[in-house]
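Each remark here refers to the structure printed beneath this line.
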Amino acid sequence: MIIESGGSTATPADREGKESMTMRLEPIEKPKGLLLRIAYWMTRRQLGKVMTPMQVLYPRMPGVLRLSYEIQKFETKGIRLEPGLHFMVVTLASQINGCSFCVDLARAMAIREHLGMEKFDALSAYRTSPLFSDRERAALTYVEEATRHKRVSDVTFEALRKHFQEWEIAEITWLNALENYYNLINIPLEIGSDGFCAIVRLLRDRPGTDGLTGLDNRLCPMEGIAEKWARPDLDWRPSGYQPDAPARLSYGPAKPPNLMN
């Protein structure tokens with residue numbers, strides 16, 4: 001369920017109507033330039049398909065590729081917050097803003113970190129749900145207030161300070177700002193979910209998928225599109241894909257395809 005501005009919630013039917021709208025810029029599936037082709041290939045290897053925002057933005061402004069890479073590398077390697085809180089922070093911000101692409105991607109990344117989905121499913125009720133600790137509530141209240149109003153009260157900040165060191169507050173603030181940045185790219189351009197959560201669920205159920213077996217079956221709110229990405233004859237698989245080989249969510253040892261053609 002997506003938390004709309006003002007505290008109301010959007011139903012699945014509401015989201016389906018929003019996501020059925022045509023994207024305002026057409027994705028470019030075959031970009032020019034070696035670096036972009038490599039970026040597309042690596043994303044397919046890691047996530048199962050090329051992210052739609054990448055196809056929309058990067059071919060039109062290739063200079064952002066290096067910047068995006070450095071931001072992503074810092075978020076995945078430099079953030080010290082525990083993964084559960086990290087992904088709840090970004091998921092809540094995207095839920096509030098109604099960015100289905102970012103919600104789906106954040107949940108998929110949480111699954112890859114072997115996190116259960118109970119708290120993610122209950123994020124809209126984090127203030128009252130017994131699933132959340134006082135520490136998590138303080139962080140999520142801070143994120144919600146900053147996302148909705150672009151400022152926070154002294155009371156909210158002091159509650160945050162009770163539970164977090166200054167470096168943790170800085171990281172929570174940065175993650176929330178970054179997620180709002182991503183939201184402001186996807187929402188105006190009508191970029192909807194890519195179904196990464198459903199892809200991860202399918203790969204999880206196959207042997208040899210980096211230990212993603214045994215997780216809760218209630219992983220994804222978008223399972224209807226999953227089979228579209230499960231077929232090995234679709235072109236989201238990297239060149240040289242072998243249907244009988246174990247599926248992988250991370251980079252494999254195979255050589256890249258011929259990117260000069």
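Points to keep in mind about this one:
- Whole-Hz couplings from phi, Karplus 6.51/-1.76/1.60, listed for the range 30-36; x for Gly and Pro: 10, x, 8, x, 5, 4, 5
- Gyration tensor verdict on the range 28-90 (Cα atoms; rounded if a/c is under 1.5, prolate if a/b is larger than b/c, oblate otherwise): prolate
- For q = 0.18, 0.33 Å⁻¹, Debye-computed log10 I/I(0) when each Cα of the range 76-124 counts as one equal scatterer: -0.49, -1.39
- Relative contact order of the range 32-229, defined on C-alpha pairs under 8 angstrom at six or more residues apart (%): 26 percent
- Peptides 90-101, 70-81 ranked from most to least packed by the mean count of surrounding Cβ atoms within 10 Å: 90-101, 70-81.
- Computed extension gain for residue 24 through residue 76, at 0.36 nm per residue and net of the alpha carbon distance, reaches 15.8 nm.
- Volume per residue of the C-alpha convex hull in the range 32-229, rounded to whole Å³: 130 Å³
- Residue order, fewest to most surrounding Cβ atoms within 10 angstrom, among 104, 121: 121, 104
Bear in mind these aren't lab numbers, they're just calculated from the coordinates by the rules spelled out. Values in this document were obtained by computation on a predicted structure and should not be read as measured data. Note that each Cβ is placed from the backbone with ideal geometry, even for glycine, and that neighbours are counted across all protein chains shown.
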